[in-house]
Amino acid sequence: MLALIQRVTQAKVEVEEEVVGAIGPGLLALVAAEPGDSESQILKMGERLLRYRVFADDAGKMNRSLHDIAGDLLLVSQFTLAADTASGLRPSFSSAAPPAEAEPIFDRLVAECRRISPGRVETGRFRSHMTVSLVNDGPVTFLLRT
């Protein structure tokens, strides 16, 4: 499982010009499931998304987590994140979980994040063409892998 996280002041996802998820200060996480992702990997990713320290403390150091600041989380499924780009000029998606496998994994991650998050957890719409807008704060961006 992969998650590209970005610290944001705001972010939103639209499907067919309708806002389906929007947050204020917090994290935008673009998430890709890989074949065979397990329950333990889902739980670990949920914990990392909520506890990864990317927000400034009083000294200006990245020592506070989304959980610490009770920030919002926007989870967006993005199978292209798992693409194999090692060679050629066209990505291969054989390293991404197929939709029938990926959707329950993504849904389970959303449920886990909602269970442990003190802030709002919003999502995009799985298997939809989405327009994602964000204001990256920093910019701060990290790739998490479980």
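The values are calculated or read from the model by the stated rules, or taken from the named source; none is laboratory data. Fair warning: this is a prediction, and the values are worked out from it, not measured in the lab. Ideal geometry is used to build each Cβ from the backbone, glycine not excepted, and the neighbour counts take in all protein chains shown. Please note that ligands, DNA and RNA were not included when accessible areas were found on the heavy atoms of the full protein model with its side chains. Shrake-Rupley method; radii C 1.70, N 1.55, O 1.52, S 1.80 Å.
When you go through Arg51, Arg7 one by one, which is the residue that is under 23 Å from Val132 (Cα atoms), basic (Lys, Arg) and in contact with a strand residue (DSSP E or B) (Cβ under 8 Å, 6 or more places away or on another chain)? Steps first, answer last, please.
On the way: Arg51 fails: under 23 Å from Val132 (Cα atoms).
Going through Arg51, Arg7 in turn, the sole match is Arg7.
Test each condition in (1) open to solvent by less than 60 Å² (accessible area, probe 1.4 Å); (2) more than 11 Å from the chain's Cα centre (by Cα) for Lys12 and report the one that comes out false.
Among (1) open to solvent by less than 60 Å² (accessible area, probe 1.4 Å); (2) more than 11 Å from the chain's Cα centre (by Cα), the lone unmet condition for Lys12 is (1).
Restricting the first residue to the range 128-146 and requiring it to be at pLDDT below 95, which pairs with a second residue that is open to solvent by 70 Å² or more (accessible area, probe 1.4 Å) and not in a strand (DSSP E or B) meet a Cβ separation below 6 Å and a spacing of at least six or different chains?
Here the result reads Thr146/Lys44, each pair linking the range 128-146 to a residue that is open to solvent by 70 Å² or more (accessible area, probe 1.4 Å) and not in a strand (DSSP E or B).
Read through the list (1) within 16 Å of the chain's Cα centre (by Cα); (2) surrounded by 15 or more Cβ atoms within 10 Å (Cβ to Cβ); (3) more than 18 Å from Asp137 (Cα to Cα), then give the number of the only condition that Thr80 fails.
All conditions pass for Thr80, except number (2).
Quick check on the range 33-55. Is at least one of its residues assigned to a strand (DSSP E or B), of a type in the set (D, E, K, R) and either open to solvent by 80 Å² or more (accessible area, probe 1.4 Å) or closer than 24 Å to Ala22 by Cα (or both)? Give the derivation first.
Of the residues in the range 33-55, the ones assigned to a strand (DSSP E or B) are 53-55.
Then keep just the ones that are of a type in the set (D, E, K, R); that gives 53.
Cutting the leftovers down to either open to solvent by 80 Å² or more (accessible area, probe 1.4 Å) or closer than 24 Å to Ala22 by Cα (or both) gives us 53.
For the range 33-55, residues assigned to a strand (DSSP E or B), of a type in the set (D, E, K, R) and either open to solvent by 80 Å² or more (accessible area, probe 1.4 Å) or closer than 24 Å to Ala22 by Cα (or both): present.
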